[in-house]
Amino acid sequence: MTTLRTDPHPKRPPRLRITEMFRDTVQGEGPSTGRRAAFIRCCGCNLTCGWCDTPETWDSSRFDLAAESSWWAVDDLAEWALEGTEPIIVITGGEPLLQPGVVPLAERLVEDGREVEFETNGTLAPPRRLVDAGVYWNVSPKLSGAHVAKERRIVPETLRAFAALERARFKFAVTALTELDEIAALETEFGLDPVWVMPEGTTREAVRTGLQKLAQPVIARGWNLGTRLHIEIWGNRRGK
Ligand code: SF4
């Protein structure tokens, strides 16, 4: 696990530690699935999910994080994002809310007319400036299959804060059908709406098998069924 609140050169203009940026792709998950998007992947996470598909952002036991990432000035990141024509800029991770520089970055992108979607694990409160800017929140609370202690992955006051936001949607990656009861309990306790459920998986076969198992029970519970479109198209390729 890495925590990256501290820029080693705080007197410089705001900077972000980035694992990768890529474009010419689509949003692969959640309500915007299939829409053209560019991605900015932040380094660092405050959780350690067993099935994490981006461990290169945080797992220093398996990856050289210094080699996997680089520091970017907010202005340069914004320039990169705005050079493209993608209507959606996804700011993801790791956990992007660990880095304060995401606030001026997202503000700049929204000012320029882009839709900004944050992918967050729902454990860190949404910054007021980002709410005011009108970003969208794809909040993905982690379930028991992530093998992270519940008190770390479920932060009640933070889930309540997200549930109160008009632009938040709740997206769950499911490893077993038994986790659907966990989602239902969270939905009831915190008033999560809308709920999107997708299979966890990094192969086409795993995603398809998961979808077939999930479809009926998810629909029966009144939720939305989501896929992992980038896996369906490109497999588990970085930069897509
Ligand atoms: Fe990986 Fe997301 Fe879990 Fe962090 S919260 S460890 S990025 S799956």
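For the range 58-140, what class follows from the C-alpha gyration tensor (a ≥ b ≥ c being the square roots of its eigenvalues): rounded when a/c is under 1.5, otherwise prolate if a/b is larger than b/c, else oblate? In terms of gyration-tensor shape, oblate. Among beta bridges from DSSP that stay inside the chain, the antiparallel ones total about 30%. Every helix of 4 or more DSSP H residues in the chain counts as -39500 (n - 2.57), and over all residues that averages to -9000 deg cm²/dmol at 222 nm. I want to verify a result. In a Gaussian network model of the chain, Cα cutoff 10 Å, which of these has the top mean-square fluctuation: Lys142, Lys171, Lys213? Its mean-square fluctuation being the largest, the pick is Lys213. Using a cut-off of 21 Å between Cα atoms, the listed pairs Lys142/Lys240; Lys150/Lys240; Lys171/Lys213 include Lys142/Lys240; Lys150/Lys240 as exceeding that distance. Taking the longest Cα principal axis of the chain as reference, the axis of helix 102-111 is set at about 90 degrees.
The mean sequence distance of close C-alpha pairs (under 8 Å, at least 6 residues apart), as a share of the length of the chain, puts its relative contact order at 18 percent. Between Glu166 and Arg128, the simple spin-label model (points 7 angstrom out along Cα→Cβ) gives 1.9 nm.
Applying D = kT/(6 pi eta Rh) to the chain, where Rh is the Kirkwood radius over alpha-carbon pairs, T corresponds to 20 °C and eta to 1.002 mPa s, the Stokes-Einstein value obtained is 119 µm²/s.
Only Cα pairs under 8 Å and 6+ residues apart enter the sum, and on that basis the relative contact order of the range 1-143 stands at 24 percent.
Here the Karplus relation 6.51 cos²θ - 1.76 cosθ + 1.60, evaluated at θ = phi - 60°, turns the backbone of the range 28-39 into coupling constants of x, 9, x, x, 9, 3, x, 7, 4, 8, 10, 10 Hz, with x for every Gly and Pro. Stretched out straight at 0.36 nm per residue, the stretch from Arg221 to Ala176 would grow longer than its current Cα-Cα span by 14.6 nm. A simple rule links phi to the HN-Hα coupling: the Karplus curve 6.51 cos²θ - 1.76 cosθ + 1.60 with θ = phi - 60°, which for the range 224-230 gives 8, 9, x, 10, 10, 4, 5 Hz, with x for Gly and Pro.
Working from label points 7 Å from Cα in the Cα-to-Cβ sense, the Arg237 to Arg35 distance is 2.4 nm. For the chain, taking a cut-off of 4.7 Å between Cβ atoms, the unpaired cysteines are Cys42, Cys43, Cys45. Separation of the range 197-237 from the range 101-143 is 25 Å, based on Cα centroids. Rounded, prolate or oblate, given the Cα gyration tensor of the range 106-240, with a/c below 1.5 counting as rounded? Taking the square roots of the gyration eigenvalues as a ≥ b ≥ c, the range 106-240 is oblate. Sorted on the mean count of surrounding Cβ atoms within 10 Å across their residues, most packed first, peptides 28-38, 79-89, 98-108 read 98-108, 28-38, 79-89.
Counting only protein heavy atoms and a 1.4 Å probe, the range 15-171 has 38 square angstrom of accessible area per residue. In this rough spin-label picture, where each label sits 7 Å from Cα along the Cβ direction, the Glu83-Thr209 distance is 4.1 nm.
The values are calculated or read from the model by the stated rules, or taken from the named source; none is laboratory data. This is a predicted model, so every value here is computed, not measured. Cβ: placed from backbone, ideal geometry, glycine included. Neighbour counts: every protein chain shown. Note: accessible area is taken over every heavy atom of the protein model, side chains too, but ligands, DNA and RNA are not part of it. Shrake-Rupley method; radii C 1.70, N 1.55, O 1.52, S 1.80 Å.
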